[in-house]
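Every number in this text was worked out from the coordinates using simple rules, so none of it is lab data. Note that the coordinates shown come from a computational prediction; the quantities given were computed from them, not determined experimentally. Cβ coordinates were reconstructed from backbone atoms using ideal geometry, including for glycine residues, and neighbour counts include every protein chain displayed.
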Amino acid sequence: MNDYRAKTMLADGGCGVLTIDLGALARNYRKLKETAAPASVAAVVKADAYGLGAGLVSERLYAEGCRHFFVAHFVEAVRLRPTLPVEATLLVLNGLMPGEEEHAADLGVTPVINCLEQAAAWATEAKVRGTRLKAAIQIDTGMSRLGLSEADVASLRADSLFAEAVEPILLMSHLACADTPAAPASAGQLAVMQRVAAHFPGLPVSLANSGGVFLGGDFHFALARPGIAVYGGAPVSDLANPMEPVVRIDIPVIQARTVPAGTAVGYGGTFVTTGETRLATLSGGYADGIPRHLSSRGALYYQGVRLPIAGRVSMDSLTVDASALPEGVLRLGTMVEFVGPSQSLEQVAADAGTISYEILTRLGRRYRRVYI
Ligand SMILES: *Cc1c(COP(=O)(O)O)cnc(C)c1O
């Protein structure tokens with residue numbers, strides 16, 4: 001496989017290969033459905049499905065029975081709506097900016113209403129059209145990021161124009177600490193959600209993101225909304241990751257050399273060899289989402305052998321210390337693993353001082369994408 005990849009690589013101009021396993025994605029979705037049952041499970045496909053391609057990801061998940069898809073920005077919904085069957089509900093987490101209402105209603109996109117201004121604008125749009133428009137209502141249960149306060153909920157419930165014009169289809173909120181089961185904040189947010197939901201009998205409720213799915217049945221309500229776990233990221237920190245990896249990233253060697261002791265490597269000469277060293281330069285850099293924070297910290301792997309990053313990650317390339325491999329193994333076009341069986345997304349994220357979400361969403365546009 002490595003040889004095959006190397007050949008197709010060279011034919012494709014020498015950038016890395018991002019392999020996305022849609023079968024693993026589907027199995028992760030099924031696992032989340034089993035865990036959240038009897039709740040339904042939506043998919044969060046914002047930021048181009050965490051960098052993996054919202055169109056193909058959504059199509060695969062629709063085939064698995066997913067009927068609710070969340071993006072963050074309206075522009076993402078504009079792109080995704082035509083590729084989704086009409087039966088799929090497409091919701092915009094950040095809600096609509098003033099002026100987007102007519103376009104959203106034309107497209108059949110469902111906004112999440114986060115404030116009274118958005119509520120009024122959507123109700124006005126419905127009045128103008130002479131129809132009832134659907135919406136999700138978000139409550140701020142303690143994260144202080146988005147959503148109506150309990151006082152706002154009281155005014156909305158008193159608003160007869162809103163009641164006539166808008167058909168709420170979902171009451172939702174977002175957990176601040178779902179990835180940390182020991183955190184007491186989640187129970188507090190759950191209590192607020194239950195209290196607010198009591199004012200909306202029969203209205204489906206959604207609270208759980210990926211971490212929330214693993215917090216137990218109280219958090220599931222009618223609809224869970226996982227993102228990262230579908231893509232293979234760990235839903236809960238500090239625990240073995242129950243999800244299957246979806247992403248593999250391989251980067252080709254573009255040059256290999258052996259240098260003597262005392263040789264400086266890369267920008268700033270921050271890495272200096274202490275003995276004769278085999279170096280390999282790879283065709284991927286921070287413009288490809290390989291964090292510059294991995295300079296002289298992270299590693300790539302070749303058939304399970306760790307190749308530490310030597311010096312600074314450049315924009316389009318990086319250099320590894322390949323001394324652990326015999327001479328001649330790494331040659332022009334040889335593929336080296338950045339994320340895969342030897343190194344998880346979580347490991348890369350930890351080395352870079354960030355989270356798997358940021359690694360995925362910053363992968364950049366230069367990879368050759370292979371969907372399997
Ligand atoms: C991003 C997001 C999610 C998905 O979160 P994950 O941690 O990736 O599962 C769910 N709900 C809201 C409101 C979000 O912003």
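Can you give me the three principal axis dimensions of the stretch 248-347 from its C-alpha atoms, in Å, biggest first?
Principal axes ranked by extent give 34, 28, 21 Å for the Cα atoms.
For the chain, compute the orientation-averaged projected area of the C-alpha convex hull (one quarter of its surface), in nm². Walk me through the numbers on the way to the answer.
Working: hull surface 79.8 nm².
Projected over every direction and averaged, the Cα hull of the chain covers 20.0 nm².
Hey, what do the phi angles of the stretch 142-151 turn into as Karplus ³J(HN,Hα) couplings, whole Hz, using 6.51/-1.76/1.60 and θ = phi - 60°, x for Gly and Pro?
Per residue, the Karplus-derived 3J(HN,Hα) values read x, 8, 6, 10, 9, x, 6, 6, 5, 5 Hz.
No solvent, one uniform scatterer per C-alpha: report log10 I(q)/I(0) for the stretch 183-312 via the Debye equation at q = 0.17, 0.21 1/Å, two decimals.
After summing over all Cα pairs, the log10 values are -0.94, -1.22.
Using only alpha carbon pairs under 8 Å that are at least six residues apart, calculate the relative contact order of the chain and give it in whole percent.
18 percent
In nm, give the distance between the simple-model label positions of ALA198 and ALA324, each being 7 Å from the Cα along the Cα-to-Cβ direction.
Simple spin-label model gives 5.8 nm for this pair.
Using a basic spin-label model with each label point 7 Å from the Cα along Cα→Cβ, how many nm lie between MET315 and ARG257?
2.1 nm
Please list, ordered by chain and number, the residues whose modelled amide H lies under 5 Å from the amide H of LEU148; skip anything fewer than 5 residues away on the same chain.
Those lying under 5 Å, H to H, from LEU148 are GLN138, ILE139, ASP140.
Counting other Cβ atoms within 10 Å of each Cβ, which trypsin sites (Lys or Arg not before Pro) in the stretch 278-325 have at most 13 and sit in a DSSP loop?
Values: sites: ARG278, ARG292, ARG297, ARG306, ARG312; in loops: ARG297, ARG312.
Hits after loop and neighbour filter: ARG297.
Report, in whole Å, the centroid distance computed from the Cα atoms of the stretch 319-371 and the stretch 84-110.
37 Å
Give the residue from HIS199, ALA37, ALA136 lying farthest towards the positive end of the charge dipole for the chain; charges sit on Cβ (+1 for Lys and Arg, -1 for Asp and Glu) and the dipole is referred to the Cα centre.
Comparing the listed Cα positions along the dipole, ALA37 ranks first.
How far apart, in nm, are the 7 Å Cα→Cβ label points at ARG145 and THR180?
1.4 nm
Would you grab the residues whose amide H sits under 5 Å from the one on VAL205? Only those 5+ places off in sequence or on another chain, please, with H modelled 1.01 Å from N.
Under 5 Å from the amide H of VAL205: LEU171, ALA222, LEU223.
Given the alpha-carbon gyration tensor of the stretch 1-158, what are the semi-axes of its equivalent ellipsoid in whole angstrom, ordered largest first, with each equal to the square root of 5 times an eigenvalue? Don't skip to the answer; put the middle values down first.
Working: eigenvalues 259, 67, 45 Å².
Semi-axes, largest first: 36, 18, 15 Å.
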